[in-house]
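Peer 1: Shown below is the structure under consideration.
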Amino acid sequence: MSSRIEQLIDELEDYIESCKPKFMSNSEIIVNKDEIDELLRELRMKTPDEIKRYQKIISNKEAILNDARAKADALINEATERTNELTSEHEIMQQAYAQANEVVAQAARQAQEILDKATIEANELRVQAARYTEERLAEIESIVVSAIQSSNSNYGSLIGSLNQYKELIQSNRSALHPIEEVPADQPAGDGLDII
């Protein structure tokens, strides 16, 4: 945005350009004294205000620069502190990550040890269970064999006794019926078969 002084100077230049040249001269012009006086008077009136404003800006320039430097220093300090915090947080995060990895690795090792131990114990229990089952089956087999042998012995005894009874019964029956002459075409006996 241009100042009023700059505008007045532009108006003066435009006015001078619009003036007619003096007869037979390349460097002189004919001006309206009232118009040029009015422009110059306004220029004089505005110049102190503009100069004061510029002087105030110049005098404030140091204060503005100092304020800007202070703000820049504060921003730099804040950025440095934040960088340090982030660096510290990053280091803490790295340490936490490393510790977490160590905990996970240790847990994995412990889990593997527990699994290995459980596998060994399970295998031992399986072997012991198989041995125990084998021993019980051997005992049962021995009992069954003994029962079979005892049963065979008792069965043989029973068959022998039954055969003796059968012979006794046959003898008694024969005594009840004297032997008769059986015709040649008829088989001997009364037709009863004794087993």
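Peer 1: Can you report the number of residues in the range 47-57 which are surrounded by 11 or more Cβ atoms within 10 Å (Cβ to Cβ) and β-branched (Val, Ile, Thr)?
Peer 2: Final tally of qualifying residues: 2.
Peer 1: Cβ-Cβ distance below 9 Å, separation of 6 or more or different chains: which pairs start in the range 54-69 with a residue that is under 22 Å from residue 6 (Cα atoms) and end on one that is of a type outside the set (A, V, I, L, M, F, W, C) and not in a helix (DSSP H, G or I)?
Peer 2: Close Cβ pairs (under 9 Å, with a partner that is of a type outside the set (A, V, I, L, M, F, W, C) and not in a helix (DSSP H, G or I)) amount to 54/3.
Peer 1: Taking the conditions exactly as written (in contact (Cβ under 8 Å) with a residue 12 or more places away in the chain and open to solvent by less than 80 Å² (accessible area, probe 1.4 Å)), does residue 43 satisfy them or not? Spell out how you get there, then give the answer.
Peer 2: Working: in contact (Cβ under 8 Å) with a residue 12 or more places away in the chain: yes; open to solvent by less than 80 Å² (accessible area, probe 1.4 Å): yes.
Judged against the criteria, residue 43 is a match.
Peer 1: So which residues in the range 3-45 are closer than 24 Å to residue 57 by Cβ and among the basic types (Lys, Arg), if there are any at all?
Peer 2: Hits for the range 3-45 are 4, 44.
Peer 1: Could you please let me know if residue 29 is hydrophobic (A, V, I, L, M, F, W, C) and open to solvent by less than 90 Å² (accessible area, probe 1.4 Å)? Walk me through how you get there before you give the answer.
Peer 2: Working: hydrophobic (A, V, I, L, M, F, W, C): yes; open to solvent by less than 90 Å² (accessible area, probe 1.4 Å): yes.
Yes; evaluated as a whole, the condition is true for this residue.
Peer 1: Here is a follow-up. Taking the stated definitions as given, is residue 36 open to solvent by 80 Å² or more (accessible area, probe 1.4 Å), aliphatic (A, V, I, L, M) and in a helix (DSSP H, G or I)?
Peer 2: Values: open to solvent by 80 Å² or more (accessible area, probe 1.4 Å): no; aliphatic (A, V, I, L, M): yes; in a helix (DSSP H, G or I): yes.
Against the criterion (open to solvent by 80 Å² or more (accessible area, probe 1.4 Å), aliphatic (A, V, I, L, M) and in a helix (DSSP H, G or I)), residue 36 does not qualify.
Peer 1: Sort through 136, 173 and tell me the only one that's surrounded by 10 or more Cβ atoms within 10 Å (Cβ to Cβ), modelled with pLDDT under 80, basic (Lys, Arg) and assigned to a helix (DSSP H, G or I). Lay out the reasoning, then the answer.
Peer 2: Numbers: 173 fails: modelled with pLDDT under 80.
Of the residues listed, the single one that is surrounded by 10 or more Cβ atoms within 10 Å (Cβ to Cβ), modelled with pLDDT under 80, basic (Lys, Arg) and assigned to a helix (DSSP H, G or I) is 136.
Peer 1: Can you tell me which of 63, 72, 79 is part of a helix (DSSP H, G or I), small (Gly, Ala, Ser) and either exposed (fewer than 10 other Cβ atoms within 10 Å of the Cβ) or at pLDDT below 85 (or both)?
Peer 2: Working: 72 fails: either exposed (fewer than 10 other Cβ atoms within 10 Å of the Cβ) or at pLDDT below 85 (or both); 79 fails: either exposed (fewer than 10 other Cβ atoms within 10 Å of the Cβ) or at pLDDT below 85 (or both).
One residue alone meets the criteria, 63.
The values are calculated or read from the model by the stated rules, or taken from the named source; none is laboratory data. Everything quoted here is computed from the prediction, not taken from an experiment. Note that each Cβ is placed from the backbone with ideal geometry, even for glycine, and that neighbours are counted across all protein chains shown. Protein only, heavy atoms only, side chains kept; ligands, DNA and RNA dropped before computing areas. Shrake-Rupley method; radii C 1.70, N 1.55, O 1.52, S 1.80 Å.
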